[in-house]
Every structure is written in C-alpha cells, then in structure tokens.
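Undergrad: Got a structure for you, questions after.
The values are calculated or read from the model by the stated rules, or taken from the named source; none is laboratory data. If you're wondering where the values come from, they're calculated on a predicted model, not measured in any experiment. So basically every Cβ, Gly included, is an ideal-geometry build from the backbone, and we count neighbours across all protein chains shown.
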Amino acid sequence: MRFLSEHPILVIEDDEDIRESLVEILESDGFLVKSVGDGPTALELLQGGLLPCWILLDIAMPGMSGFECLDKIRENPEWTKIPVTLLSAAADVKFQAETKNVDYLKKPVEIDDLFAKAEKHGCRRTL
C-alpha cells in the first residue's frame, strides 16, 4: 500500500515546458505535485481548500505576476504559513525574494536545490 503526503507541492509557472519539467522531476523523486499555469487558477485552488506543503511561484507571468499572486496569498490568514519560493531567471531574484521575505530559486533550477527546498519546507515523499 502506498501513502501520499496529504499536502502536495503547488507549482505555479506559465511556461508549460518548465512547469511540466518541474512536475516530472519532483514526481520522479516521490513528491506529490499539483501544477497550474497562472496565479488566478492557483488562488482558486487555494480557495477551494488545497493546502500545499510548499508553493513554487514563477515571478514573470502574464496577467497576474508572481508578486501579485504572492500578495494575494499573504492576505489570507489561512495561507500565510505556506512556504513560498520565487522562481525567476532575473539577476536580482535574490533581492526580490528578500524584499518579500520568501525563498528563491534561480532558473535554470538545479535539481538538488529543488529537492533541498522541498525537504526544507516539510514536503514528504510518497512511501
């Protein structure tokens, strides 16, 4: 019998290739993952009761930016404790993350760094 962590990782990334790669990498290492291509869809999932162990959030997305999505997440008291990691290829991603008091990963993402962040934020692999 296999048991899944009750809380998946939520990947919010508008680039389908990057999103699918992140999901494939995380799932291949045993993590449960839910992914969406934009901030409004992610917020709908959260409002519908999804409680991820960690949110991996792209900064540069059309419509609602990652920063706008992060602000909406932080406005809801039920979601403020969900760890968020900003994802960007921008040179100043570290500074941007520090101003928002969140973690970051620079694109292209190193696989070991991705796994380390998932573990740091308490995400469990399937058994």
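Undergrad: What's the number of the condition Asn76 fails, among (1) within 17 Å of Ala118 (Cα to Cα); (2) at pLDDT 95 or above; (3) more than 14 Å from the chain's Cα centre (by Cα); (4) not hydroxyl-bearing (Ser, Thr, Tyr)?
TA: Every condition holds for Asn76 apart from (1).
Undergrad: Also, quick follow-up: Quick check on my filter: what residues within the range 61-111 are free of Cβ contacts under 8 Å to residues at least 60 places away in the same chain and of a type in the set (Lys, Arg)?
TA: Lys72, Arg74, Lys81, Lys94, Lys100, Lys106
Undergrad: Go over the candidates Val93, Val33, Val84 one by one and state the one that is in contact with a Lys or Arg (Cβ under 9 Å, 6 or more places away or on another chain), within 18 Å of Ile18 (Cα to Cα) and at pLDDT 95 or above.
TA: Val84
Undergrad: How about the range 13-40: which of its residues are of a type in the set (S, T, N, Q) and without any contact (Cβ under 8 Å) to a residue 24 or more places away in the chain?
TA: Ser21, Ser28
Undergrad: Please go through the range 112-123 and pick out each residue that is hydrophobic (A, V, I, L, M, F, W, C) and in contact (Cβ under 8 Å) with a residue 12 or more places away in the chain.
TA: Of everything in the range 112-123, those that are hydrophobic (A, V, I, L, M, F, W, C) and in contact (Cβ under 8 Å) with a residue 12 or more places away in the chain turn out to be Leu114, Phe115, Ala118, Cys123.
Undergrad: While we're looking at this one, here's another question. Within the range 90-112, track down each residue that is part of a loop (DSSP other than H, G, I, E, B) and surrounded by 13 or more Cβ atoms within 10 Å (Cβ to Cβ).
TA: Ala90, Val102, Lys107, Val109
Undergrad: Restricting the range 26-47 to residues that are of a type outside the set (Ser, Thr, Tyr) and out of contact with any strand residue (DSSP E or B) (no Cβ under 9 Å at 6 or more places or on another chain), which is farthest from Asp58 (Cα to Cα)?
TA: Gln47
Undergrad: Still on this structure, I have one more. Hey, which of the helices (runs of 4 or more DSSP H) in the range 1-79, taking only ones fully inside, have at least 2 residues that are closer than 21 Å to Ile111 by Cα and among the aromatic types (Phe, Trp, Tyr)?
TA: By residue number, no helices (runs of 4 or more DSSP H) qualify.
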